[in-house]
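Note sheet for the following structure.
Throughout, read-outs are computed from the coordinates displayed, never taken from laboratory work. Since the model is a prediction, treat every value here as computed from it, not as a measurement. Here the Cβ positions follow ideal geometry from the backbone for every residue, glycine too, while neighbour counts run over all protein chains shown.
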Amino acid sequence: MPDDKGAARRKKRSASGAAPPAANAPEPAIAALLDENRLYPPSPEFAKSAQVRDDALYREADADLEAFWASRAAELDWFVKWHKVLDWNVPDAKWFVGGKLNVAYNCVDRHIRGARRNKAAILWVGEPGDRRTLTYWDLYREVNRFANGLKKLGVKKGDRVAVYMPMVPELAIAMLACARIGAVHSVVFGGFSAESLRDRILDSEAKVLITADGGYRRGTILPLKHDADEAVKQCPLIEHVVVFKRGDFQVHMKEGRDHWWHRIVDGQSDDCWPEPMDSEDLLFTLYTSGTTGKPKGIVHTTGGYLTGTTATTKWVFDLREEDVYFCTADCGWITGHSYIVYGPLANGATTVMYEGAPDWPDKDRFWQIVEELGVTIFYTAPTAIRAFMKWGPEWPAKHRLTSLRLLGSVGEPINPEAWMWYHKHIGAETCPIVDTWWQTETGMILIAPLPGVTVARPGSATRPLPGIVADVVDEKGETVDVGGGYLVLRKPWPAMLRGIWGDPERFRQNYWSRFPGVYFTGDGAKRDKDGYFWLLGRVDDVMNVAGHRLSTMEVESALVDHPSVAEAAVVGRAHELKGTAIVAFVTIREGREHAAAILDDLKEHVVQKIGKIAKPDEIILTADLPKTRSGKIMRRLLRDIAEGKAVGDTTTLADPGVIARLKTKYEDQES
Ligand code: 7RM
């Protein structure tokens with residue numbers, strides 16, 4: 001009775017109500033969102049004292065986009081002023097041409113002269129419960145000492161430095177030290193495997209790796225140095241490995257190559273001249289998944305990036321001098337770069353860094369931090385909010401959360417149920433919620449409410465920020481005034497990516513070819529009659545698993561790498577907590593015995609190749625995959641099967657019988 005089972009599965013999903021709009025299924029998603037009529041205007045008290053109180057910024061930007069961004073750039077400290085605001089030759093943008101500045105100088109030095117000298121820059125909480133506070137003055141000295149240490153190792157302007165660290169203050173210090181001397185950092189999330197690290201080091205041609213002996217995660221030790229050793233074995237260009245001592249973890253230090261962080265900084269001067277960087281000099285590269293198996297190194301530069309992140313931090317989070325700002329991301333992602341380190345520090349804010357898991361030692365860890373540090377602004381991801389919902393409101397209820405005044409969301413569409421829960425149980429029905437849409441590539445938030453101005457609607461990121469020209473277009477690239485389509489950006493913005501490291505052709509192809517002259521985001525969106533944007537998820541083969549980007553191809557390559565696997569096709573399926581769960585359809589090589597543990601073995605292989613975040617939720621073994629006559633795997637049909645839906649159009653299949661066999665097989669394996 002395969003059909004009954006599919007229907008039951010469908011019912012279960014909709015009853016849970018928590019699944020966000022699935023990618024590639026815009027129709028029901030649009031229908032669900034159209035029912036969303038709840039309006040949340042800013043409270044009069046909030047609006048009265050907000051950083052942005054009216055629509056003057058929108059009007060200023062509409063009147064003259066370049067002058068508008070130039071005014072924002074002028075809020076930074078420049079060593080030499082630019083002579084041209086924007087040089088735009090699709091797809092190459094240069095912002096603040098001729099200007100010179102230093103990002104570390106803007107994030108640290110300019111705050112140590114006045115009242116912020118002894119203000120907390122970083123409030124850090126380690127997973128085991130240890131805490132550290134770094135004032136701006138502390139940060140100044142630490143950054144300079146480490147920057148001098150890097151120089152002594154021979155790191156120079158333009159050199160790439162890979163960073164593979166736990167969430168400790170030294171991660172931010174390493175980033176700022178690179179920025180100070182003009183080195184290009186490439187932070188790799190500590191949850192990635194040794195192989196993923198190796199690939200990123202090789203691609204970026206880094207000559208130094210900064211890591212730690214380990215880090216704490218759910219009470220166990222993240223073996224960072226061990227994995228770094230594995231990676232570096234195959235990276236001939238790495239000359240030095242700097243190791244921060246986080247715990248008392250046993251590590252092997254290779255004579256001549258490996259250096260303890262504390263030895264590197266020992267005896268270094270507290271002052272280090274900030275390298276005057278050209279506005280378009282590289283600040284960092286950060287790898288993100290595209291639609292192929294090979295992650296791309298997104299390139300960000302100096303002046304525009306800092307201008308965009310600084311302004312948006314202030315507007316969207318309504319950042320004020322006395323705020324304690326807590327973003328729960330990891331610095332290994334763009335959110336950590338832009339909204340834990342650069343945006344908040346450039347504004348002279350107090351930014352919280354937490355090392356560990358949200359449910360360690362218990363499910364109230366974030367709320368304990370909010371209470372103990374008096375957090376006023378809290379920024380997290382919908383996947384985390386859905387986990388809080390599942391754990392129950394008793395966990396936040398144990399804590400005094402009255403310091404909170406604004407909440408944020410990022411990483412995927414926030415479903416209205418999660419929005420309402422966040423509003424009620426964390427925000428006490430008074431904190432505005434900012435749903436912020438952006439990408440690794442955009443560098444800065446592009447679509448979000450201004451909390452003192454915008455009327456929020458649960459599930460909508462609302463409108464493009466001042467200075468951002470976003471549009472929803474149809475297949476032909478024509479504007480869809482009201483309705484669904486593809487999300488594009490029609491005008492350049494300061495923090496936009498400047499390319500893909502080492503691959504200008506892929507840059508053009510990926511973002512600028514589908515609609516000539518326009519940036520294609522890869523996201524579907526709907527615009528309603530009030531001009532609000534409702535994000536509908538990816539329209540390409542990129543999955544968003546618990547707010548992390550992964551391509552189906554990446555996971556497929558990892559599976560096919562296993563000696564028993566002949567072929568693999570990976571799809572995303574709607575998941576209550578993670579947004580998307582990974583489902584893999586795998587054919588085993590002929591003659592290979594199906595060992596009983598093959599499924600676990602395959603999952604473990606993916607973890608080895610990519611990291612835990614890519615572990616498939618389910619693997620279906622199958623004799624064949626549905627293919628077109630030209631041999632293309634029809635993932636659309638596999639997604640239907642994985643989601644228990646009626647399977648769509650099969651007329652282009654080479655062998656339509658495959659689907660019936662697969663469905664039977666799948667449902668057998670499920671039960
Ligand atoms: C910041 C970040 C980017 C992709 C993007 C979207 C999705 C992010 C939202 C969202 C709906 C949001 N960078 N996305 N934020 N979808 N509403 N507020 O996540 O490069 O890792 O991912 O994430 O699909 O294209 S990212």
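Annotations for the structure displayed:
- Annotation: amide H-H contacts under 5 Å for E567 (H modelled 1.01 Å from N, sequence separation of 5 or more, or interchain): T587.
- Ellipsoid semi-axes in whole angstrom, largest first, where each is sqrt(5λ) of the Cα gyration tensor of segment 126-188: 22, 14, 8
- A full extension of the chain between R506 and A428 corresponds to an added length of 23.5 nm, given 0.36 nm per residue minus the alpha carbon distance.
- Listed pairs K424/K609; K207/K615; K424/K529; K207/K491; K296/K491; K156/K233 exceeding 32 Å between Cα atoms: K424/K609; K207/K491
- Cross-link partners for K48 among the aspartates and glutamates, with Cα-Cα distance under 19 Å and sequence neighbours closer than 8 places in the same chain left out: D318, E321, E322, D323, E429.
- Ranked by how many other beta carbons lie within 10 Å on average, peptides 242-252, 632-642 from highest: 632-642, 242-252
- Estimated FRET transfer efficiency when R0 is 56 angstrom, pair T133-V482 (beta carbons, to 0.05): 0.65
- Label-point gap, in nm, between R53 and N37 - each point 7 angstrom along Cα→Cβ: 3.3 nm
- Here the extension length gained between R113 and E322 equals 73.5 nm, from 0.36 nm per residue of separation less the Cα-Cα distance.
- Cα→Cβ-extended label distance, 7 Å offset, between E60 and E45, nm: 2.8 nm
- With coordinates expressed along the principal axes, the C-alpha atoms belonging to segment 558-671 extend over 38, 38, 28 Å, beginning with the largest.
- 3J(HN,Hα) from dihedral phi, segment 349-361, Karplus parametrisation 6.51/-1.76/1.60, rounded to Hz, x for glycine, proline: 8, 9, 10, 9, 10, 10, 6, x, 8, x, 10, 10, x
- Length gained when the stretch K81-D359 is fully extended (0.36 nm per residue, less Cα-Cα span): 95.3 nm
- Using a simple spin-label model with pseudo-atoms 7 Å out from Cα toward Cβ, E255 and E618 lie 5.6 nm apart.
- Lysines with Cα under 17 Å of K100, excluding same-chain neighbours fewer than 8 positions away: K81, K84, K157
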